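Working notes, structure below.
The values are calculated or read from the model by the stated rules, or taken from the named source; none is laboratory data. None of the values given here were measured: they were computed from a predicted structure. Here the Cβ is made from the backbone with ideal geometry for all residues, glycine too, and neighbour counts use every protein chain on show. For accessibility, only protein heavy atoms count, side chains too; no ligands or nucleic acids. Shrake-Rupley method; radii C 1.70, N 1.55, O 1.52, S 1.80 Å.
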Amino acid sequence: MKALKDGVAAYATELMMTAGAALVSLGAGMIYLPAGVIAAGTFLLAGGVLSCLGGGKA
């Protein structure tokens, strides 16, 4: 159980950013579906770039 808490704590920022991006994309998709798809793609691209550029322990 402690390992699960430590894992969630380590990735809490990424999980919150992912949830926020999903909700923004969902909201845009509820207004106009292609806008939601474009927003989701943009967030995925930005997340990939930030993941590649992000630090971390090697």
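Solvent-accessible surface (1.4 Å probe) assigned to residue 11 amounts to roughly 140 Å². Probing with 1.4 Å while keeping every protein chain in the model, the per residue accessible area of the range 1-55 equals 82 Å². Ignoring ligands, DNA and RNA, please state the percent of accessible area on the chain from carbon and sulfur, probe 1.4 Å. It is 77 percent, rounded to a whole number. With all pairs of different C-alpha atoms in the average, the Kirkwood value for the hydrodynamic radius of the chain is 12.8 Å. Here the 3J(HN,Hα) profile of the range 13-29, calculated from phi with Karplus coefficients 6.51, -1.76 and 1.60 at θ = phi - 60°, is 5, 5, 5, 5, 5, 5, 5, x, 5, 5, 5, 5, 5, 5, x, 5, x Hz, Gly and Pro shown as x. Estimate the FRET efficiency between residue 30 and residue 50 by the formula 1/(1 + (r/R0)^6), using the beta-carbon distance for r and 30 Å for R0, to the nearest 0.05. Step by step, r from the Cβ atoms, then E = 0.70. Across the range 31-46, coupling constants 3J(HN,Hα) worked out from phi with the 6.51/-1.76/1.60 Karplus curve, θ = phi - 60°, read 7, 8, 3, x, 5, x, 5, 5, 5, 5, x, 5, 5, 5, 5, 5 Hz, and Gly and Pro carry x.
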